[in-house]
Every structure is written in structure tokens, then in C-alpha cells.
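The values are calculated or read from the model by the stated rules, or taken from the named source; none is laboratory data. Note that this is a predicted model, so its numbers are computed, not measured. Just so you know, the surface numbers come from the protein's heavy atoms only, side chains and all, with ligands and any DNA or RNA stripped out. Shrake-Rupley method; radii C 1.70, N 1.55, O 1.52, S 1.80 Å.
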Amino acid sequence: MSQQFQPPGQPQPGYGYPPPPPKKSSAGKIVGFSCLGVVGVVVLLGVVAAVVGGEGGDSPTGAAKPAAVASSDAAKGSETKPTSAAPEKKAAVSVVAKRTEFKKSVIADGSAYTSVAVTITNNSSKPIDVNPLYFTITDTSGTKHMAELAADENQIATVELAPGENITGTVTGKGGFNPKTVTYTDGLIGKGVRAEVS
């Protein structure tokens, strides 16, 4: 068997060849494309927000007026329209209170009591609840008196008032005092409506 020799200057197989380059990892590509995707989503959301935000505007046509134009329009409107007193808005709940004589019920003990006749009217568009516990009486010295349940036989009833309805009854506090105001609070924690006692 004859041995073959390579001509000088040519490397022999397996010898003198540079090692093959290492395979490139695809992790770098994945991270790069992920960052690019996140940036793309942020840009897309910004464009959508700009389009949606621009559609609403402050004017009915959807295009917002510059501040200078809007203020000049307001100035023109105030010059052309005569100023008139706005109609007085009716309160959602009105309360009228006046001093009345205490009428002892069978439940009342021998203590002194003070009663106030109260008329409550629902002027709102929603029903309201009326309960003797929703009332307090404040006397002329500033002391607040809670309602005494079932002490007066004409006690205001526990009812739901539909819009436009009203009810009259007494609210009674324990002790002899001069009532100054009555406060009604819808649901114990709602907004209070105060009325002077006449």
C-alpha cells in the first residue's frame, strides 16, 4: 500500500484547520425580539390613546377649541346674554318642624319629654326611607337629643316615601327643653337636612 502525501503548503486533513466556529446561541435573538416587541406594544398603545383622547375633546363636535378661542366665546356669550338670577333649585328632601304638645303613649315612663311635629317631603326622583331613628333634636343650648322610640303616640312612622310623597309625625326627645332645630339624616349616615323649629 502506498502512502499518499499532500503537496507542501496544503494542510493535512485534521491538522492545521482552524477549529469550527462555536454555534451562536439563539437566546440573544429572543431577548432582542422580545424588547422590540415590548417597545412596539408601548408605541401602539400611545397611538391608540392619542386617537381616542383626541376624539372626545371638550366640544360636542369632538374637536377641542384652543383656550384663546374658548375664552373669547365665553366673553361674547356673557356680553350678549343678560344676567338673571338662576331659578332656585329645590332640595331633594325638605323638612318642616314646629313645637307640639307631647302625647304620652302607654310605653312612655313618667319622665319629662319634648315633642316636635315634623313634616318630611321627598322632592327627589328616588324613594327615601323615614324612620324615627333618623331624627335628632338640638335644643337652644346646643345639646343634641336622640329620638325616644314610641314615647309619643303620634310618633312619625317608619316608611318609604316615593318621589313627591310626604309624611307628618312627632319626634320626641327625653327631658324638658326648648327645641331649636330638627335634623333628618337618610339612612343614619347620609347627608343631614336641618329645619328650624317654629
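Results, tabulated for the structure shown:
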item: Accessible area in the full protein assembly, largest first, 1.4 Å probe, for V41, V193, V182; result: V41, V193, V182
item: Estimated translational D of the stretch 144-198 in µm²/s (Stokes, Kirkwood radius over Cα pairs; 4 °C; 1.567 mPa s); result: 102 µm²/s
item: Cα gyration tensor shape for the stretch 82-158, rounded if a/c is under 1.5, else prolate or oblate; result: prolate
